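All remarks here apply to the structure that follows.
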Amino acid sequence: MRYTLSLFLSLILLFSCAPKVERECTYDKQAIDTYRDRRIPQDFRIYGLLKYGPVKLPMMLAKFEDYYTVRVAKAKGITLEGDRLCLESKCYILPAPPENLVFGKLLTGKEYSFCREGLLYFRERGKLYERLVVFRNNKPLELAIIHLKSNESVKVLFGPEDNKGYFKELRFILNQKEIELTIEEVEI
């Protein structure tokens, strides 16, 4: 009995003192840098479907001469002004301007990076907000902005990328509300 107990305690001691093995975070720096250096068109028009709740609505997002226009069929209460998305009279600060989200200019160069559980994180911390970009296998998974005092967040989850350089799907999580944008056509 003593032998078993001492063996058990020795194993516990051995495992508690053993070095922790982290899953390696491998990435291609050039691939990641493309999300910092992407060229964004000055003017554009985007057509797609906006899914809010059970309804899918045709929509158009355009930017000409720094002025945004958002049109959603039969929907009232959705506006976009710069980096603010207003939905049902409540406005949310987006983690980046809409064109940066659609065309993939997600990094500013001011972030610091770290790895955790095989994911690559880029974090930028300000006085009121924290901005976090998460990559897996050199592709962005999500971009979030978190209010440091209230802990409220806005997240953007990225779908597949088109070979023309824009994301075909973006899912916005605005506290408890979700909006999904499926992009069908981009005019530059």
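Listing for the model above:
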| item | result |
| --- | --- |
| R71 vs. criteria open to solvent by 90 Å² or more (accessible area, probe 1.4 Å) and over 20 Å from the mean Cα position of the chain (by Cα) | yes |
| Total residues in segment 32-68, condition assigned to a loop (DSSP other than H, G, I, E, B) and either open to solvent by less than 40 Å² (accessible area, probe 1.4 Å) or of a type in the set (K, R) (or both) | 4 |
| Output for segment 92-118, where each listed residue is surrounded by 13 or more Cβ atoms within 10 Å (Cβ to Cβ) and hydrophobic (A, V, I, L, M, F, W, C) | I93, L94, A96, L101, V102, F103, L106, L107, C115 |
| Residue ID - surrounded by the fewest Cβ atoms within 10 Å (Cβ to Cβ), chosen from residues in segment 127-147 that are within 8 Å of the chain's Cα centre (by Cα) and within 18 Å of Y166 (Cα to Cα) | L141 |
| Tally of residues being among the β-branched types (V, I, T), under 24 Å from P58 (Cβ atoms) and without any contact (Cβ under 8 Å) to a residue 60 or more places away in the chain across segment 129-188 | 1 |
| Some residue of segment 164-182 being assigned to a strand (DSSP E or B) and closer than 15 Å to L107 by Cα | no |
| First in segment 77-88 and in contact (Cβ under 8 Å) with a residue 24 or more places away in the chain and under 15 Å from K177 (Cβ atoms), second anywhere and open to solvent by 30 Å² or more (accessible area, probe 1.4 Å) and of a type in the set (S, T, N, Q), Cβ under 9 Å, 6 or more apart | L85/T79; L87/T79 |
| Candidate set from segment 148-170 (those that are exposed (fewer than 14 other Cβ atoms within 10 Å of the Cβ) and among the polar types (S, T, N, Q)); member that is farthest from Y35 (Cα to Cα) | S150 |
| Filter result (assigned to a loop (DSSP other than H, G, I, E, B) and either in contact with a helix residue (DSSP H, G or I) (Cβ under 6 Å, 6 or more places away or on another chain) or modelled with pLDDT of 85 or more (or both)) within segment 73-106 | L94, P95, A96, P97, G104, K105, L106 |
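The values are calculated or read from the model by the stated rules, or taken from the named source; none is laboratory data. Only a predicted model underlies this, so the values are computations on that prediction, with no experimental measurement involved. For neighbour counting, all protein chains shown are included, and Cβ atoms are generated from backbone atoms with ideal geometry for every residue, glycine included. Heavy atoms of the whole protein, side chains included, go into the accessibility calculation; ligands, DNA and RNA do not. Shrake-Rupley method; radii C 1.70, N 1.55, O 1.52, S 1.80 Å.
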